[in-house]
Amino acid sequence: MKNVSCIILAVVGFVFNTLTQAQEASQSMATTTTTKLASAVYDWEKLQPVPVSNGVRRAVFEGSTVTLDKLHCHITTLNPGQVSGPPRLHLQEEVIIVKEGTIEATFDGHVQTAGPGSVIFFASHATTRLRNPGQTPATYTVIYYYTPRTPKD
């Protein structure tokens with residue numbers, strides 16, 4: 001009878017421990033889930049334009065998702081003759097969609113011109129820069145993301 005009591009206590013302890021761990025995991029997931037980006041529409045008219053030295057920038061969103069460590073989107077309007085900045089090495093992939101104007105994309109020594117509707121993809125570890133070679137402002141959307149596989153350095 002003593003052995004049966006020990007077995008019952010062990011099973012009860014195991015079940016209690018398992019339920020406690022499941023509840024903690026559920027609470028942790030609920031907390032994590034509330035911080036994830038949710039489905040939404042970002043209205044161009046409601047995005048706040050912020051003047052920067054080379055044009056205007058509109059922040060759209062940034063945060064984690066269920067499948068990505070970080071998802072970022074902003075929209076830049078680059079003034080004629082201006083560059084996005086000095087050439088930079090990006091560890092993450094980046095997608096750029098040209099809305100209007102002309103963008104000259106430089107990546108790893110290659111230069112290509114992209115007009116309205118064009119899509120630019122920069123691979124991980126590409127050294128990149130954008131330039132507006134035109135006479136009018138060029139507007140483009142930048143989307144980049146970090147996954148668990150994105151290099152850390």
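Sum up the charges of everything whose Cβ sits under 9 Å from the Cβ of Pro49, counting Lys and Arg as +1 and Asp and Glu as -1, but leave Pro49 out. Mind dumping the intermediate values first?
Values: positive: Arg57, Arg58; negative: none.
So the environment of Pro49 carries a net charge of +2.
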Original post:
What is the distance, in nm, between label points placed 7 Å from the Cα along the Cα-to-Cβ direction at Val60 and at Ala40?
Top reply: 1.3 nm
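For the stretch 48-130, how big is the tail of P(r) above 15 Å, as a whole percent of Cα pairs?
Numbers: 2134 of 3403 pairs.
Above the 15 Å cut-off, the stretch 48-130 has 63 percent of its Cα pairs.
Each value in this text was obtained by applying a stated rule to the coordinates, not by laboratory testing. Computed from a predicted structure; not experimentally measured. Quick reminder, even Gly has a Cβ in these numbers, built from the backbone with ideal geometry, and neighbours come from all protein chains shown.
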